[in-house]
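The next block holds one structure in the form of structure tokens; read it before the comments.
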């Protein structure tokens, strides 16, 4: 069945996907690049009659203080809570589950997987409830009326984001840990290697590909996590959690500047393209077969 | 899963090693248990509010001893909220059909046919699956507004397309694993491509196709930004927007928010369990594209 020549039936099979992907994914991305250099508005004089304004939007972007701080917040949020936070917690969970007794491990991993499966809106609602004035965490910390979400907005949304992603990271690491050959662990034990030595000399080096995969995947997922932050803070207070996707949305649909909003979207595309490229390169470099097998195995055991 | 890992490390170790290790794991295990329980509390506390608040007559943002009632669930489904849930079902189902339908055809072709530039095209598709959906809203809003398509069905199709790249990958991997003998036999019998697809490929690739369908469904189910921007009609809005307006309303009914959130989250959790039980895999990336 593996044909040596191209057959017309392939075109028929590929057509629906090609038409959909081109018209609703690729074309909009290209269209957005163009709109980013126009003065398009949602309502107002330039809603219908808009035109190409060259680098005018870019000039505004470079002198926009909110953009600069937004970019910085995005990096802090994406790297801090995504690449670092979720990966570290996922790794810690997987490692601890090997040591701890079965029941505890099962219960906690079940909770982490539940958290990862909840829809973003639900996560936003429960974390809002848990951290706002009168919520559970302020109570535990002793000052019931302290609005943690208002005082430490970035920290709170980051912790909520870690909460929602660590389960996936844990699944990836659990699968990877299982694929470490038992003989190597036994050999290390026979050599009287301490637990710390085994962790740093054997386990972590073996997990390196998974650590990289997890960090990148968590980065991409955090980048896409508009809903959580938008529902919890709306970008505030005082623009403190105004990450790029939110700033782009607010510029377009609150301040009606669709052109500028599209330009901010272009910045997001540039950033995520760089990330996506890194993702593809690393996925290809590190035994793609094994990574895929891990993903498939992740749920089976 | 953690049990099996433990067994591997413990049981297969030779007795000599086990004696040597004995001093260490007891305290180590206790410490591991304590830390895990602390992390467990971090995962538990926010969910606890959801469960307690949903059955509490006087629910607030704090966890308190509930005055038990089921009114919250009843009230949560009134005022057009049941309609919003139904809209979510429609939108997510259309999205799942679009992405698995187009995805299966394309995946079969990618798996079995000779296509020029196959490698680069597949890489391009993989790349598209990583692009955040947030950037699509301005251009797609502009396109939909021009052709008067700011309504439920086009939005559902768009949501399906955002899951399509991943669906193609998932299904292609499954088809790649199917031996080609059956198809060759069918080919001898003069079966056409679509006959082969329907009678051989689709049944055998069902786990992958079902995974892709559930992935797309869950993805569309959870999306908030795309429907709120692209669906103009208030009564066609899906459940996430209903929750959003719950929070924004003048008198916040905490119990109803919690109850509705539970009802809204149930299908996703249920689908995950179906998935992990019966299809054993391919689903671990289900959160891959959230918007």
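The values are calculated or read from the model by the stated rules, or taken from the named source; none is laboratory data. Computed from a prediction, not measured in an experiment: that's the story for all the values here. We place every Cβ from the backbone using ideal geometry, glycine too, and count neighbours over all the protein chains shown.
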Of the residues in the range B:228-260, how many are in a helix (DSSP H, G or I) and farther than 18 Å from residue B:58 by Cβ? 15
Does the range B:119-130 include one or more residues that are part of a helix (DSSP H, G or I) and in contact (Cβ under 8 Å) with a residue 60 or more places away in the chain? yes
Pick from the range B:229-246, criterion surrounded by fewer than 16 Cβ atoms within 10 Å (Cβ to Cβ) and either touching a residue at least 12 places away in the same chain (Cβ under 8 Å) or at the interface with another protein chain (Cβ under 9 Å from one of its Cβ atoms) (or both), ranking: nearest to residue B:89 (Cα to Cα): B:235
In this structure, is residue B:167 more than 8 Å from every other protein chain (Cβ to nearest Cβ), in contact (Cβ under 8 Å) with a residue 12 or more places away in the chain and under 24 Å from the mean Cα position of the chain (by Cα)? yes
Among the residues of the range B:133-143, are any within 25 Å of residue A:9 (Cβ to Cβ), facing chain A (nearest Cβ under 7 Å) and in a helix (DSSP H, G or I)? no
Which of the residues belonging to the range B:249-264 are within 10 Å of chain A (Cβ to nearest Cβ), within 17 Å of residue B:218 (Cα to Cα) and surrounded by fewer than 24 Cβ atoms within 10 Å (Cβ to Cβ)? B:262
Which of the following residues is in contact (Cβ under 8 Å) with a residue 40 or more places away in the chain and in contact with a strand residue (DSSP E or B) (Cβ under 8 Å, 6 or more places away or on another chain): B:255, B:208? B:255
Only one of (1) part of a loop (DSSP other than H, G, I, E, B); (2) facing chain B (nearest Cβ under 7 Å) does not apply to residue A:143, and that is (2)
Return a yes/no flag: does the range A:192-204 have any residue that is at the interface with chain B (Cβ under 8 Å from one of its Cβ atoms) and within 22 Å of residue A:78 (Cα to Cα). no
With the first residue restricted to the range A:1-13 and required to be closer than 15 Å to residue B:107 by Cα and at the interface with chain B (Cβ under 7 Å from one of its Cβ atoms), and the second required to be modelled with pLDDT under 70 and part of a helix (DSSP H, G or I), Cβ contacts under 9 Å at 6 or more apart or on different chains are none
Here are A:104, A:108, A:79, A:66: which of them is closer than 30 Å to residue A:207 by Cα and more than 12 Å from every other protein chain (Cβ to nearest Cβ)? A:79
Scanning the range A:221-242 residue by residue, the ones that are more than 10 Å from every other protein chain (Cβ to nearest Cβ) and closer than 21 Å to residue A:269 by Cβ total 3
Could you check, for the range A:260-274, whether at least one of its residues is modelled with pLDDT under 85 and either under 30 Å from residue A:102 (Cα atoms) or more than 10 Å from chain B (Cβ to nearest Cβ) (or both)? yes
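A quick yes/no check of all residues on (1) in contact with a helix residue (DSSP H, G or I) (Cβ under 9 Å, 6 or more places away or on another chain); (2) on the phi > 0 side of the Ramachandran plot; (3) within 11 Å of chain A (Cβ to nearest Cβ):
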residue: B:37; (1), (2), (3): yes, no, yes
residue: B:40; (1), (2), (3): yes, no, yes
residue: B:44; (1), (2), (3): yes, no, yes
residue: B:48; (1), (2), (3): yes, no, yes
residue: B:55; (1), (2), (3): yes, no, no
residue: B:60; (1), (2), (3): yes, no, yes
residue: B:67; (1), (2), (3): no, no, no
residue: B:70; (1), (2), (3): yes, no, no
Would you pick out the residues in the range B:95-114 that are at pLDDT below 90 and surrounded by fewer than 19 Cβ atoms within 10 Å (Cβ to Cβ)? B:114
